[in-house]
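Before any comments, here is the structure.
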Amino acid sequence: MNRPQQVAGLLGWLLLSFVTAAIGALASVQAAGFYAAMAQPAWAPPSAVFGPVWSLLYALMAIAAWLVWRGHGWHRHRVVLALFVVQLVANGLWSWLFFAWHLGAAAFVDIALLWLLIAATLIGFWRVRTWAGVLLLPYLAWVSFAAALNLAVWQLNPQILS
């Protein structure tokens, strides 16, 4: 693959990842106020933490996918790259379930599924290119934390997150 193709590929993976971020952001327009109004565990971070963390994670995800893709494109690694795209769908859906539709249980099921999809993607990426798997480790760690936070906030706010 020549350099222009590799650059175009990187831009494509970045675009796909940040489109997912934008879809989630649409559901999260009122998230800061909604999040602040709910009872939270003592270990919950302020809402201002989420944007920068997620921006970094989306960039790392895109680079990881690009590292897998750039070796042989979709042809050789289509299963694990398709798994990456599926986990992006689950990722984008979570914000809608939690922030837009206030469905705590469904959001928790989604984030649990997302965790499994990330773990599977990480393993698949690791087998293709170790650094691609390494780049997904912070994402898996953050989603682990986010799942615990989702569960705690849902349990503390059953009247809001029915």
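Which residue, Ala90, Ala82, Ala64, tops the fluctuation ranking in a GNM of the chain built on C-alpha contacts under 10 Å?
Ala82
Could you give me the ³J(HN,Hα) list for the range 26-40, computed from phi with Karplus coefficients 6.51, -1.76, 1.60 and θ = phi - 60°, whole Hz, x at Gly and Pro?
Whole-Hz 3J(HN,Hα) from phi for the range 26-40: 4, 6, 9, 4, 9, 4, 4, x, 4, 4, 5, 7, 8, 5, 9.
Compute the length gained on full extension between Ala105 and Val49: take 0.36 nm times their separation in residues and subtract their Cα-Cα distance, giving the result in nm to one decimal.
17.8 nm
Rounded to whole Å, give me the distance from the Cα center of the range 22-56 to that of the range 115-162.
16
Please give the length that would be gained between Ala8 and Arg78 if that part of the chain were fully extended, namely 0.36 nm times their separation in residues minus their C-alpha to C-alpha distance (nm, one decimal).
Going from the current span to full extension adds 23.4 nm.
Please compute, over every Cα-Cα pair in the chain, the percentage with a separation greater than 25 angstrom.
31
Provide the per-residue ³J(HN,Hα) series for the range 154-159, in order, calculated from phi with Karplus coefficients 6.51, -1.76, 1.60 and θ = phi - 60°, each as a whole number of Hz, with x at glycine and proline positions.
Result, ordered by residue: 4, 5, 7, 9, x, 6 Hz.
No value in this document is a laboratory result; all are computed from the given coordinates. Since this is a predicted model, take the numbers as computed values, not measurements.
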